[in-house]
Amino acid sequence: MTIERSLVLVKPDGYARGLSGEVLRRIEAKGYTLVALAVTSPTREQLAAHYAEHEGKPFYEPLLEFMSSGPVTAAVIEGQGCIPGFRSLAGATNPTEAAPGSIRGDLGRDWGEKVQKNIVHGSDSPESAAREIAIWFPNL
Ligand code: RTP
Ligand code: MG
């Protein structure tokens, strides 16, 4: 059986608010393992590859601008079911709607900006995880 891996990002809003440790704490408290960890300032090329599925959508340019606005904490996590498991820890995309108890529900809010600043990213499928891990951790 292959153990599942997911790519997690603490986005620039979460990094700037000093929430990297809190996000990593919740991942470890859940029982997932950290297998790679880095603070990095992504290039436009990296972000375009990461968000290729959203190219052409109205929030695409604001999203790339936001994701370029400061460092991010990138992690690869591991554990049975960690892809849906971390999505569940993260909560709904819109922090206003995200359930209390989730990262976005507990720590996020609407800041009245063009793009939803929602603290974290998590891979949404095994295929996305493999693709995204190769973008952020090419040596893994
Ligand atoms: P993520 O990929 O970051 O884990 O979030 P997600 O799956 O919950 O959301 P997705 O639909 O993949 O969108 C990617 C990111 O784009 C921003 N977004 N803003 N209407 C908006 O303002 C809007 N829609 C999406 C969010 O930062 C979202 O996480
Ligand atoms: Mg997504």
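Among the residues of the range 1-33, the ones that are at pLDDT 95 or above, within 18 Å of ALA130 (Cβ to Cβ) and either in a helix (DSSP H, G or I) or not β-branched (Val, Ile, Thr) (or both) come to 6 in all. Annotation: of all residues in the range 69-97 being more than 13 Å from ligand 1 (Cβ to nearest atom) and polar (S, T, N, Q), the one that is nearest to GLY14 (Cα to Cα) is THR73.
Go through THR43, THR73 for me and flag whichever is more than 15 Å from ligand 2 (Cβ to nearest atom) and touching a residue at least 12 places away in the same chain (Cβ under 8 Å). Being more than 15 Å from ligand 2 (Cβ to nearest atom) and touching a residue at least 12 places away in the same chain (Cβ under 8 Å) holds for just one of THR43, THR73, which is THR73. Can you give me the number of residues within the range 98-128 that are more than 11 Å from ligand 1 (Cβ to nearest atom) and either buried (at least 21 other Cβ atoms within 10 Å of the Cβ) or among the charged types (D, E, K, R) (or both)? Within the range 98-128, residues that are more than 11 Å from ligand 1 (Cβ to nearest atom) and either buried (at least 21 other Cβ atoms within 10 Å of the Cβ) or among the charged types (D, E, K, R) (or both) number 3.
Got a number for residues in the range 1-40 being among the polar types (S, T, N, Q), within 13 Å of ILE77 (Cβ to Cβ) and free of Cβ contacts under 8 Å to residues at least 60 places away in the same chain? Spell out the reasoning first.
To start, the set of residues in the range 1-40 that are among the polar types (S, T, N, Q) comprises 2, 6, 20, 33, 40.
From what's left, within 13 Å of ILE77 (Cβ to Cβ): 6, 33.
Remaining after also requiring free of Cβ contacts under 8 Å to residues at least 60 places away in the same chain: 33.
Total meeting the criteria: 1.
Out of the residues in the range 87-140 that are closer than 18 Å to THR73 by Cβ, aliphatic (A, V, I, L, M) and outside any helix (DSSP H, G or I), which is nearest to ligand 2 (Cβ to nearest atom)? Among those residues, the one meeting the criterion is VAL120.
The values are calculated or read from the model by the stated rules, or taken from the named source; none is laboratory data. Small disclaimer: the values here were computed from a predicted structure and weren't measured. Neighbour counts run over all protein chains shown; Cβ positions are idealised from the backbone, glycine included.
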